[in-house]
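Please read the structure below before turning to the comments.
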Amino acid sequence: MTDMNTDHLYQLVNRSKRNTENVIKTAPLGICITDPHGHFEMVNPAYCQFYGYQEEDLIGQHFTLVVPEAYRPQMRQLHDEFIQGDETRELRQEWEVRCKNGETRTILAEAARIEGDDGASRKVTFIVDITDRKRLEERLKQASRVTLKRRVLECLIARIKRCIRRNRQGAIELSSHRHQCDQRYCALC
């Protein structure tokens, strides 16, 4: 009877392990695991596809391979602090990253610390590509600034036309009103 229970338990553990591996492999978001020193131990297909690397290109490499050069020291330090710290989850943050082809993209990343088979801490990072969203946000900001500048210009043009029609001293009135428009609107430009 003990052998049957042991076999059943063994089957359940193996099934659970296969299910976990399948979830990671088929997940639509990028997932990687780094060792205590920041080297990739595992990357899923979505992670590889996003960065343009094959799995074998990443395994064993330092995770800063996908970080722009200027941010590498900061990212190394953050990784080390997280691995050695008390927090088991890292706050969701936006980061600029570099793909294999040199393209800079923006991700939303969140991480958790897990314990490896050897008892040492590992960092599991989950990434989502938000590059298109960030580009759209920037275009909307630019469009908003252009619209505001256009409104200020239209206000000034309308005032000039009214002043010229009203009297000869329109230039004096215009100067006074322009100063008021500048104070109200130019701070928003």
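The values are calculated or read from the model by the stated rules, or taken from the named source; none is laboratory data. For clarity, every value in this text was computed on a predicted model and none was experimentally measured. Here Cβ is always computed from backbone atoms with ideal geometry, including for glycine, and neighbour counts include all displayed protein chains.
Here are some notes:
- Residues of region 44-62 that are under 17 Å from Val124 (Cβ atoms) and touching a residue at least 40 places away in the same chain (Cβ under 8 Å): Tyr47, Phe50, Tyr51.
- The condition (being part of a helix (DSSP H, G or I), surrounded by 14 or more Cβ atoms within 10 Å (Cβ to Cβ) and not assigned by TED's automatic domain parsing to the domain that holds Pro36) is satisfied by just one residue among Ile160, Ile83: Ile160.
Okay, residues lined up against (1) among the polar types (S, T, N, Q); (2) over 24 Å from Glu137 (Cβ atoms); (3) in contact with a Cys (Cβ under 9 Å, 6 or more places away or on another chain):
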position	(1), (2), (3)
Pro28	no, no, no
Asp57	no, yes, yes
Gly85	no, yes, no
Arg113	no, yes, no
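- Qualifying residue in region 65-76 (condition: surrounded by 11 or more Cβ atoms within 10 Å (Cβ to Cβ) and part of a strand (DSSP E or B)): no
- Within region 35-52, considering residues that are aliphatic (A, V, I, L, M) and in contact with a Cys (Cβ under 7 Å, 6 or more places away or on another chain), the one surrounded by the fewest Cβ atoms within 10 Å (Cβ to Cβ): Met42
- Filter result (surrounded by 18 or more Cβ atoms within 10 Å (Cβ to Cβ) and hydroxyl-bearing (Ser, Thr, Tyr)) within region 107-132: Thr125
- Search result, residues across region 94-134 that are of a type outside the set (Phe, Trp, Tyr), under 9 Å from the mean Cα position of the chain (by Cα) and assigned to a strand (DSSP E or B): Glu94, Glu96, Val97, Arg105, Thr106, Ile107, Leu108, Ala109, Ile127, Val128, Asp129
- Every residue from region 15-40 that is farther than 19 Å from Val97 by Cβ and modelled with pLDDT of 95 or more: Asp35, Pro36, His37
Residues checked against (1) aliphatic (A, V, I, L, M); (2) within 16 Å of His62 (Cβ to Cβ):
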{"residue": "Leu78", "(1), (2)": "yes, yes"}
{"residue": "Gln93", "(1), (2)": "no, no"}
{"residue": "Ser121", "(1), (2)": "no, no"}
{"residue": "Val128", "(1), (2)": "yes, no"}
{"residue": "Val152", "(1), (2)": "yes, no"}
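- Pairs where the first residue, in region 14-28, is closer than 14 Å to Met42 by Cβ and the second is of a type in the set (Gly, Ala, Ser) and modelled with pLDDT of 85 or more, C-beta under 8 Å, 6+ apart: Ala27/Ala46
- Unique residue being more than 24 Å from Thr20 (Cα to Cα) and out of contact with any Ser or Thr (no Cβ under 6 Å at 6 or more places or on another chain) when the list is Gly116, Gly102: Gly102
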